[in-house]
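Here the structure comes first, spelled out in structure tokens, and everything after it is commentary.
The values are calculated or read from the model by the stated rules, or taken from the named source; none is laboratory data. Owing to the predicted nature of the structure, the values given are computational and were not obtained by experimental measurement. Cβ atoms come from the backbone with ideal geometry, glycine included; neighbour counts cover every protein chain shown. For accessibility, only protein heavy atoms count, side chains too; no ligands or nucleic acids. Shrake-Rupley method; radii C 1.70, N 1.55, O 1.52, S 1.80 Å.
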Amino acid sequence: MEHAVLTGVVLVTGVVLALIAQWRDWRPSLLVAILVGIAVRVLLLFTAATDTQWQPVDYVNSFRPAGEAVLRGEDPVLASNGGWHFLPTIPYVYGILLWLGIPWDYAGRLVTVVADIVLIPLVAKLAGGPKASLRAFQYALNPLALLVASIHGQVEPVALVFGVAAFVVARGPGSPHRVGITDAAVGRVRQAVSEGGLRVLPRMVLQALRPGPTDRADLKRAALAGVLMGLALCAKSWPIWLIPGFLLLLPHLRSRIVALFTTGAVPLFFLVTLPVFAGTAFDQIPEVIRTIQSIRPIVGEWGWTPHFTGGHWDLRPDLATFGTYLIYACVVAAILVWRRADPIDMTIAILLVFMVVTPRLGAQYLLWFMPFLVARPTRFAWPAILGVSLWSAYGYIYMTQYRGEAWGVLHADWSRASIVLLPVLLLAMPWGRRKPQVPGLTGPATPAGPGGLTSAGRTG
């Protein structure tokens, strides 16, 4: 990286300001947070785009060919030699920007920078309460977000902007915090089953599906939230982990069914319209689906797998398969443990436990939980944020000064060192918010903890 010193100064300054804001309880306006976020992202975008020493490999060899394929009227999945493993939604935008004559070094990053800027007010909405603008300011200066959006140009911010927007819309007006499956709801089901047996469950479901007088607004909100979540899935496949919490934010079963339907309808639309917009032949669609679904079992970058590979990338189907089953088991466990919590807290738990047990990970994956954890910080939120940001910055800034064997030696130590962060991420999970913490559902309030959290589970 050619501008390593400047990049490091910007990131460190941002962290210092974010921590001082937390310590001094600064609450800059949302406009200030957005303007600061724009300034630092645009600065790093220009330094990254003009860097003659280093450009991210996937940014050049995967993202650019996908955009150029769209510009030529070809399918970006097939034409990029398997470099693009997702629906062509983002390559469509790449193609438009290239058609407008914007150089690729700027065009690809422009997509992610704009998405990450929009995330700033969405984090404020997600946080709610009197400290909403503080949380937006802290996300505006988040070092990992700056690295991923402005330097790497990875598409995580695009998936996140739609995913977080889906949460905000699903929650709707009123209290900024909701509980998931309440004790009262569980109690009603248990009582009904004990009195009438399992045969009462279909009747309860039918009753829940019966429309009510105020359903229209709820169903419209659910449909819009589902469209937004569907667009998140069009950007990348990982937002599937956001769906459980997003559905629990909706008020009733009917709205959840509508949201689930529209969530699936959006990716299906982009898939069936490939012949229209991407020039894909009808008989090529099954091949596109297979390419999107295929994931090479490359491990050794993060967590526990580098200690089996010597800290180097390796094709290990055994570790990848075991790790995938471990993810499924741990995500189900997180859903069960946090089923009565605020759905945003459940989502934080799901994403953090994924990071702990996953066999494969790129540094950009660590951005998944950032908007949620910044919006609703836990006791160990900042150690987790600073830890993963420092680890990622070492890879993005310091290691890019080296090539070949020297880089490989650094990578081996860097990837194996990531295991130190796993217990920090576990500690950052919302352990103290596993049950409803909304006034009226819990006992007397207790004093706010170190993360600014009250017994009501509020981040403000």
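Using only the Cα atoms, what convex hull volume per residue in Å³ does the range 1-55 have?
That works out to 64 Å³ per residue.
Could you work out how much longer the chain between Ala217 and Arg290 gets when fully extended? Use 0.36 nm per residue separation minus the Cα distance between them, nm to one decimal.
22.4 nm
How much solvent-accessible surface does Asp318 expose, in Å² to the nearest 10, with a 1.4 Å probe and all protein chains in place?
Solvent-accessible area, nearest 10 Å²: 80 Å².
When Lys and Arg each count +1 and Asp and Glu each count -1, what net charge do the other residues less than 15 Å away from Ala48, Cβ to Cβ, add up to?
Values: positive: Arg41, Arg64, Arg109; negative: Glu2, Asp51, Asp58, Asp105, Asp116.
Overall, the nearby charge balance is -2.
Spin-label point model (7 Å from Cα, Cβ direction): what's the Ala281 to Val12 distance in nm?
Reported label-point gap for Ala281 and Val12 is 5.8 nm.
Using every Cα-Cα pair within the range 260-319, state what percent have a distance larger than 20 Å.
Working: 922 of 1770 pairs.
Summing the P(r) tail past 20 Å for the range 260-319 gives 52 percent.
For Asp25 and Thr273 in the same chain, what is the full-extension length gain: residue separation times 0.36 nm, less their Cα-Cα distance, in nm?
On the way: separation 248, 0.36 × 248 = 89.28 nm, distance 4.98 nm.
Roughly 84.3 nm would be gained on extension.
What figure, in Å² to the nearest 10, do you get for the accessible area of Ser150 with a 1.4 Å probe and non-protein molecules left out?
0 Å²
From the protein chains alone at 1.4 Å, what is the descending order of accessible area for His3, His312, largest first? Don't skip to the answer; put the middle values down first.
Details: His3 55, His312 85 Å².
Highest to lowest solvent-accessible surface, that is His312, His3.
Ignoring ligands, DNA and RNA, what percent of the 1.4 Å accessible area of the chain is carbon and sulfur? Walk me through the numbers before you get to the answer.
Working: 13620 of 19830 Å².
C and S atoms contribute 69 percent here.
With only alpha-carbon pairs counted, each pair once and no self-pairs, how large is the Kirkwood hydrodynamic radius of the range 380-440 in angstroms?
Values: mean 1/r = 0.0733 Å⁻¹.
This gives a value of 13.6 Å.
Return, for the Cα atoms of the range 1-131, the radius of gyration and Dmax in Å, separated by a comma.
Looking at the range 1-131, its Cα Rg and Dmax stand at 17.8, 54 Å.
How high is the relative contact order of the chain, in percent, with contacts defined as C-alpha pairs under 8 Å that are six or more residues apart? Don't skip to the end; give the middle numbers.
On the way: 749 pairs, mean separation 82.1, N = 460.
Worked out over the chain, it gives 18 percent.
Give me the tail of P(r) for the range 317-358 as a percent: Cα-Cα pairs with distance above 17 Å.
Values: 257 of 861 pairs.
For the range 317-358, the share of Cα pairs beyond 17 Å comes to 30 percent.
So, taking all protein chains as they sit and a 1.4 Å probe, how much accessible area belongs to Tyr106, in Å² rounded to tens?
For Tyr106, solvent-accessible area is about 60 Å².
Tell me what the chain gives for mean residue ellipticity at 222 nm when only DSSP H runs of n ≥ 4 count, each as -39,500 (n - 2.57), the sum divided by the residue total, rounded to 500 deg cm²/dmol.
Working: 23 runs with 281 residues, N = 460.
Value at 222 nm, helices only: -19000 deg cm²/dmol.
Working with all protein chains in place, sort Ser392, Ser294, Ser237, Ser133 by solvent-accessible area computed with a 1.4 Å probe, largest first. Walk me through the numbers before you get to the answer.
Numbers: Ser392 0, Ser294 55, Ser237 75, Ser133 25 Å².
Putting Ser392, Ser294, Ser237, Ser133 in descending order of accessible area: Ser237, Ser294, Ser133, Ser392.
Figure the gain on full extension for Tyr394 and Thr50 (residue separation times 0.36 nm, minus the Cα-Cα span) and round it to one decimal in nm.
Working: separation 344, 0.36 × 344 = 123.84 nm, distance 2.05 nm.
Extra length from Tyr394 to Thr50 when fully extended: 121.8 nm.
Let me check the size of the range 66-171 from its C-alpha atoms; what are the radius of gyration and Dmax in Å?
Every Cα atom of the range 66-171 included, Rg and Dmax give 15.6, 50 Å.
With a 1.4 Å probe and all protein chains kept in place, how do Val93, Val272 rank by accessible area, largest first?
Working: Val93 65, Val272 85 Å².
If we order Val93, Val272 from most to least accessible, we get Val272, Val93.
Which listed residue (His312, Gly395, Leu19) has the Cα farthest towards the positive end of the charge dipole for the chain, taking +1 on Lys and Arg C-beta and -1 on Asp and Glu C-beta about the Cα centre?
Selected residue: Leu19.
With a 1.4 Å probe and all protein chains left in place, how much accessible area per residue does the chain have, in Å²?
Numbers: 19830 Å² over 460 residues.
That works out to 43 Å² per residue.
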